[in-house]
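Asks: After the C-alpha cells below, expect a handful of questions from me.
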Amino acid sequence: MLPTATTPYEVGDRIEVGGHRRDVIDINIFTTTILEVGPGRSFHQRTGRTVMLPNLLLLTGPIINESSLKRFVLHVLTIPLKQNENWLKAEEILLRVATEVCQPYLEEVRRHMEKMEKDYGLEGLPVQPRVFLSLPEAGQVQLLVRFPAPVGKQGRMEQVIVRRYLEEYREARND
C-alpha cells in the first residue's frame, strides 16, 4: 500500500473519480484496484465490475472520498415534491423516520464526531438527522435529509427511510 501522505484514500474507502463511484480494494505503487458502485450517485450497490486504474490517472482530477470520516458518513438523500404538496407534513415524516432509522447509531456517531472535532480542530459536527429545503425550479420543492450512517450501510438505510417515508406520506395524504 502507498503511504497515506501520497494518497487521499486507503483500502476500504469509497471514492468518486471522474463521476464514477468505487470501493478501493487494493493499492500498489502503479495501480489502484476498485469495485464499481452504482449505477449513478443514487445507488450504493456494487456492480460486480473490477477496474484497475493507473495511479497516474488519479492525478488528473479531483478525488472525492465518501468514507473520509472512516467509520461513518453523513449521507444526503433528496425527496422531490411539487410545491403545492404538503411539504410541511412530508418534512415532519421524513425527519421522524430518519431519526428512528438512525437511532441505534446516534450515540456512537456523536462520540466519533466529537473525536473528529478534537483531532482536527473542527467545530459543530451535528449528527442528528436534519431536513433542509431547496427550490430547484419553479413549482418544485426538494427535501434533503442528511443522516449519519456506518460506512457501507448508507444505501440500506436510505432504502428503509425512503420506503417508510413513502408509506407514511401516502397514508397522511389519504387522511
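Asks: Quick one: which strands (runs of 3 or more DSSP E) sit completely within segment 67-169 and have at least 1 residues that are within 27 Å of V24 (Cβ to Cβ)?
Replies: Details: elements: 72-82, 130-134, 140-150.
Answer list for segment 67-169: 72-82, 140-150.
Asks: If you don't mind, there's one more thing I want to ask. What number of residues within segment 65-82 satisfy the criterion of being open to solvent by 80 Å² or more (accessible area, probe 1.4 Å) and modelled with pLDDT under 85?
Replies: Going through segment 65-82 one residue at a time, the tally reaches 2.
Asks: Follow-up. Has segment 93-102 got at least one residue that is within 19 Å of R71 (Cα to Cα), open to solvent by 40 Å² or more (accessible area, probe 1.4 Å) and out of contact with any strand residue (DSSP E or B) (no Cβ under 9 Å at 6 or more places or on another chain)?
Replies: No: zero hits.
Matching residues to (1) touching a helix residue (DSSP H, G or I) at 6+ places or on another chain (Cβ under 7 Å); (2) under 30 Å from R46 (Cβ atoms):
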{"residue": "Q103", "(1), (2)": "no, yes"}
{"residue": "R110", "(1), (2)": "no, yes"}
{"residue": "Q128", "(1), (2)": "yes, yes"}
{"residue": "S134", "(1), (2)": "no, yes"}
{"residue": "Q140", "(1), (2)": "no, no"}
{"residue": "P148", "(1), (2)": "yes, yes"}
{"residue": "V151", "(1), (2)": "no, yes"}
{"residue": "R163", "(1), (2)": "no, yes"}
{"residue": "R170", "(1), (2)": "no, no"}
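Asks: Would it be correct to say that V11 is open to solvent by 20 Å² or more (accessible area, probe 1.4 Å), more than 18 Å from R156 (Cβ to Cβ) and at pLDDT below 85? Steps first, answer last, please.
Replies: On the way: open to solvent by 20 Å² or more (accessible area, probe 1.4 Å): yes; more than 18 Å from R156 (Cβ to Cβ): yes; at pLDDT below 85: no.
When the stated conditions are applied, V11 does not pass them.
Asks: Applying the selection to segment 111-158, what residues are of a type in the set (D, E) and free of Cβ contacts under 8 Å to residues at least 24 places away in the same chain?
Replies: E114, E117, D119, E123, E137
Asks: Between a residue in segment 164-175 that is under 9 Å from A90 (Cβ atoms) and any residue that is aliphatic (A, V, I, L, M) and open to solvent by less than 70 Å² (accessible area, probe 1.4 Å), which pairs come within a Cβ distance under 6 Å, given they are 6 or more apart or on different chains?
Replies: Listed by first residue and then by second, the contacts come to Y165/I93; Y165/L94; Y165/V97; Y169/A90; Y169/I93.
Asks: Is it true that some residue in segment 50-63 is within 18 Å of the chain's Cα centre (by Cα) and at pLDDT below 80?
Replies: Taking every residue of segment 50-63 in turn, none turns out to be within 18 Å of the chain's Cα centre (by Cα) and at pLDDT below 80.
The rows are residues; the columns are (1) closer than 12 Å to V101 by Cα; (2) buried (at least 19 other Cβ atoms within 10 Å of the Cβ); (3) in contact with a strand residue (DSSP E or B) (Cβ under 7 Å, 6 or more places away or on another chain); (4) at pLDDT 85 or above.
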site: G124; (1), (2), (3), (4): no, no, no, no
site: Q128; (1), (2), (3), (4): yes, no, no, yes
site: K153; (1), (2), (3), (4): yes, no, no, yes
site: E167; (1), (2), (3), (4): no, no, no, yes
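The values are calculated or read from the model by the stated rules, or taken from the named source; none is laboratory data. All figures in this text were calculated on a predicted structure; none of them were measured in a lab. Positions of Cβ are backbone-derived with ideal geometry, glycine not excepted, and every protein chain shown enters the neighbour counts. Keep in mind that these areas ignore ligands, DNA and RNA; they rest on the heavy atoms of the full protein, side chains included. Shrake-Rupley method; radii C 1.70, N 1.55, O 1.52, S 1.80 Å.
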